[in-house]
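Before any comments, here is the structure.
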Amino acid sequence: MCARSVARMREFATEYGIACKRVGKVIVATSKRDLPVIEQLLKNARDNSICIEHLDEEGIKKIEPYANVLSQVRSRLLSFS
């Protein structure tokens, strides 16, 4: 979902009294060949002013303590309750 669509959906939900909240989406690299994809996702998100963060091993373990991944990014998205 693009940033503009998220903003429009949030406005619509507010206007019509639909409950929604921000949740995260996690994208992980499970092999070395996935790492360039993670880097490109980070670049694309930042280029489009999307709030995204690259998580280190400690950050990954806080969200998914049993995850066995090389790299991870998290983006804040919209969810309807």
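The values are calculated or read from the model by the stated rules, or taken from the named source; none is laboratory data. Because the structure is predicted, anything quoted here is derived from the model rather than measured. Heads up, the Cβs are rebuilt from the backbone with ideal geometry, glycines too, and the neighbour counts pull from every protein chain shown.
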- Search result, residues across the range 37-52 that are loosely packed, with under 12 Cβ neighbours inside 10 Å and touching a residue at least 24 places away in the same chain (Cβ under 8 Å): Asn48, Ser49
- Task: Among what's in the range 23-36 and is out of contact with any strand residue (DSSP E or B) (no Cβ under 7 Å at 6 or more places or on another chain) and surrounded by fewer than 14 Cβ atoms within 10 Å (Cβ to Cβ), pick the residue that is farthest from Ala67 (Cα to Cα).
- Result: Pro36
- Query: Does the range 42-59 contain any residue that is over 11 Å from the mean Cα position of the chain (by Cα) and among the β-branched types (Val, Ile, Thr)?
  - Reply: no
- Message: I'd like the residue in the range 1-42 that is among the aliphatic types (A, V, I, L, M) and in a loop (DSSP other than H, G, I, E, B) and, out of all such residues, is modelled with the lowest pLDDT.
- Response: Met1
- Item | Of all residues making up the range 10-36, the number that are of a type in the set (Lys, Arg) and free of Cβ contacts under 8 Å to residues at least 24 places away in the same chain | 1
- Note on the structure: Selection from the range 39-62 of residues small (Gly, Ala, Ser) and out of contact with any helix residue (DSSP H, G or I) (no Cβ under 9 Å at 6 or more places or on another chain) yields Gly59
